[in-house]
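Novice: I have a structure here, written as structure tokens, and I will follow up with some questions on it.
The values are calculated or read from the model by the stated rules, or taken from the named source; none is laboratory data. Since we're looking at a predicted model, the values are computed, not measured. All Cβ positions, glycine included, derive from the backbone under ideal geometry; neighbour counts span all protein chains shown.
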Amino acid sequence: MNSKIALVTGASSGIGKATALILASNNYNLILCGRRRERLEETKYEINSKFQVDVHCLVVDVRNQEDVFAAIDRLPVEFKTIDVLVNNAGLAAGLSTIDEGVISDWEQMIDTNIKGLLYITKAVLPLIPKNGDGHIVNVGSIAGKEAYLNGNVYCATKAAVDSLSRGMRIDLSRFPIRVSAIHPGAVETEFSMIRFKGDEARASKVYEGFENLIADDCAEAIWFIVSRPKHVNINEITVMPTAQPNASTIHRKLV
């Protein structure tokens, strides 16, 4: 095996998959974490067809605390040192005012975006080198920096990711383990399809009339963060489409 290993959550699609591919292209062995076994296996096959790295699929729902700790405990011995953890798993469910919000949507976002990130981080920390080579990258959102209309609970969960990243940075600097966060604006992935529960017409309108970010844009930023020398810690990067100056403003071309 090569010398470094990265664990990427939400690795079956979007930013997670793009991050796994760019890490593989730079000779990282990978632990691909996600709920959809078939999609993880497809990503593993794609990586193995392009790069000479080792890949292990970890099928687990980050919302389930017991399953997360059991899955990390069962990792093959050759994957028991994790140099880079990319906490990418996250979602938005629904888009409504707080008075019309669906409680099950709130719980899904809180359980995935906050508690899932905490469970994975807690389980993986004992496996991360404490010599400056270890690195945690949390994928937040511009929504965690600026609340927007109807975003309420989603914005709150991503604000928590922002705060947790800052707290981790302080707590883990004594080892040291580096901690970074990336906060993207509008990225065309499965994000809107999941938010709108499979309503393709509604999801497609989110990205109409401007050039949005794509997953590769975020993966390249994550690679920049990870590839700095170990005396350099990029605390955070906010990545936006040129057409989107803040969370609630997008300049769209008239059609």
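Novice: So Arg228 passes all but one of these: (1) touching a residue at least 24 places away in the same chain (Cβ under 8 Å); (2) under 30 Å from Pro129 (Cα atoms); (3) surrounded by fewer than 20 Cβ atoms within 10 Å (Cβ to Cβ); (4) of a type in the set (D, E, K, R). Which condition number does it fail?
Specialist: Failed condition: (1).
Novice: Right, something else. Residues of region 29-63 being of a type in the set (Lys, Arg) and within 16 Å of Ile5 (Cβ to Cβ), which ones?
Specialist: Once the filter is applied, which keeps residues that are of a type in the set (Lys, Arg) and within 16 Å of Ile5 (Cβ to Cβ), region 29-63 yields only Lys44.
Novice: Go through region 142-161 and give me each residue that's closer than 19 Å to Ile120 by Cα and either crowded, with 22+ Cβ neighbours inside 10 Å or in contact (Cβ under 8 Å) with a residue 40 or more places away in the chain (or both).
Specialist: Narrowing region 142-161 to residues closer than 19 Å to Ile120 by Cα: 157-161.
Scanning region 142-161 gives Thr157, Lys158, Ala160, Val161.
Novice: If you don't mind, another one. Among the helices (runs of 4 or more DSSP H) contained in region 136-252, which hold 2 or more residues that are of a type in the set (Lys, Arg) and more than 20 Å from Ala6 (Cα to Cα)?
Specialist: 152-172, 200-205
Novice: I would also like to ask the following. Being hydrophobic (A, V, I, L, M, F, W, C), surrounded by 13 or more Cβ atoms within 10 Å (Cβ to Cβ) and more than 20 Å from the chain's Cα centre (by Cα) is the filter here; which residues of region 231-255 pass it? Give the derivation first.
Specialist: Initially, region 231-255 is screened for residues hydrophobic (A, V, I, L, M, F, W, C), giving 232, 234, 237, 239-240, 243, 247, 250, 254-255.
Filter again for surrounded by 13 or more Cβ atoms within 10 Å (Cβ to Cβ), leaving 234, 237, 239-240, 243, 247, 250.
Answer for region 231-255, where residues must be hydrophobic (A, V, I, L, M, F, W, C), surrounded by 13 or more Cβ atoms within 10 Å (Cβ to Cβ) and more than 20 Å from the chain's Cα centre (by Cα): Ala243, Ile250.
Novice: For the condition at pLDDT below 95 and within 30 Å of Leu23 (Cβ to Cβ), what is the one hit in Ile222, Ile214, Ile194?
Specialist: Details: Ile222 fails: at pLDDT below 95; Ile214 fails: at pLDDT below 95.
Of the residues listed, the single one that is at pLDDT below 95 and within 30 Å of Leu23 (Cβ to Cβ) is Ile194.
Novice: What helices (runs of 4 or more DSSP H), lying completely within region 13-98, carry at least 1 residues that are aliphatic (A, V, I, L, M) and in contact with a Cys (Cβ under 7 Å, 6 or more places away or on another chain)?
Specialist: On the way: elements: 14-25, 37-50, 65-73.
Once the helices (runs of 4 or more DSSP H) in region 13-98 are filtered for at least 1 residues that are aliphatic (A, V, I, L, M) and in contact with a Cys (Cβ under 7 Å, 6 or more places away or on another chain), what remains is 14-25, 37-50.
Novice: If I go through region 64-81 residue by residue, how many of them are under 30 Å from Cys155 (Cβ atoms) and either in contact with a Leu (Cβ under 6 Å, 6 or more places away or on another chain) or of a type in the set (Lys, Arg) (or both)?
Specialist: To start, the set of residues in region 64-81 that are under 30 Å from Cys155 (Cβ atoms) comprises 64-69, 71-72.
Keeping just the survivors that are either in contact with a Leu (Cβ under 6 Å, 6 or more places away or on another chain) or of a type in the set (Lys, Arg) (or both) gives 71.
Residues flagged as under 30 Å from Cys155 (Cβ atoms) and either in contact with a Leu (Cβ under 6 Å, 6 or more places away or on another chain) or of a type in the set (Lys, Arg) (or both) within region 64-81 amount to 1.
Novice: Here is a follow-up. Kindly list the number of the only condition in (1) closer than 26 Å to Ala147 by Cα; (2) at pLDDT 95 or above; (3) surrounded by 23 or more Cβ atoms within 10 Å (Cβ to Cβ) that fails for Trp106.
Specialist: For Trp106, the exception is condition (3).
Okay, residues lined up against (1) touching a residue at least 12 places away in the same chain (Cβ under 8 Å); (2) over 21 Å from Gly140 (Cα atoms):
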position: Ile15; (1), (2): yes, no
position: Tyr28; (1), (2): yes, yes
position: Ser49; (1), (2): no, yes
position: His56; (1), (2): yes, yes
position: Asp61; (1), (2): yes, no
position: Gly94; (1), (2): yes, no
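Novice: Looking for something surrounded by 22 or more Cβ atoms within 10 Å (Cβ to Cβ), at pLDDT 95 or above, of a type outside the set (A, V, I, L, M, F, W, C) and under 19 Å from Pro129 (Cα atoms) - is there at least one such residue anywhere in region 11-19?
Specialist: Among the residues of region 11-19, not one is surrounded by 22 or more Cβ atoms within 10 Å (Cβ to Cβ), at pLDDT 95 or above, of a type outside the set (A, V, I, L, M, F, W, C) and under 19 Å from Pro129 (Cα atoms), which makes the answer no.
Novice: Among what's in region 192-214 and is free of Cβ contacts under 8 Å to residues at least 12 places away in the same chain and of a type in the set (Asp, Glu), pick the residue that is surrounded by the fewest Cβ atoms within 10 Å (Cβ to Cβ).
Specialist: Top of the filtered list is Glu200.
Novice: Test each condition in (1) more than 22 Å from Gly198 (Cα to Cα); (2) hydroxyl-bearing (Ser, Thr, Tyr); (3) without any contact (Cβ under 8 Å) to a residue 24 or more places away in the chain for Thr81 and report the one that comes out false.
Specialist: (3)
Novice: Turning to a different aspect of this structure: Looking only at residues in region 99-129 that are touching a residue at least 40 places away in the same chain (Cβ under 8 Å) and either at positive phi or assigned to a loop (DSSP other than H, G, I, E, B) (or both), which one is nearest to the chain's Cα centre (by Cα)?
Specialist: Ile128
Novice: Test Thr189 against the stated conditions and say whether it is buried (at least 19 other Cβ atoms within 10 Å of the Cβ) and in contact with a helix residue (DSSP H, G or I) (Cβ under 9 Å, 6 or more places away or on another chain).
Specialist: Details: buried (at least 19 other Cβ atoms within 10 Å of the Cβ): yes; in contact with a helix residue (DSSP H, G or I) (Cβ under 9 Å, 6 or more places away or on another chain): yes.
Taking the combined requirement at face value, the residue satisfies it.
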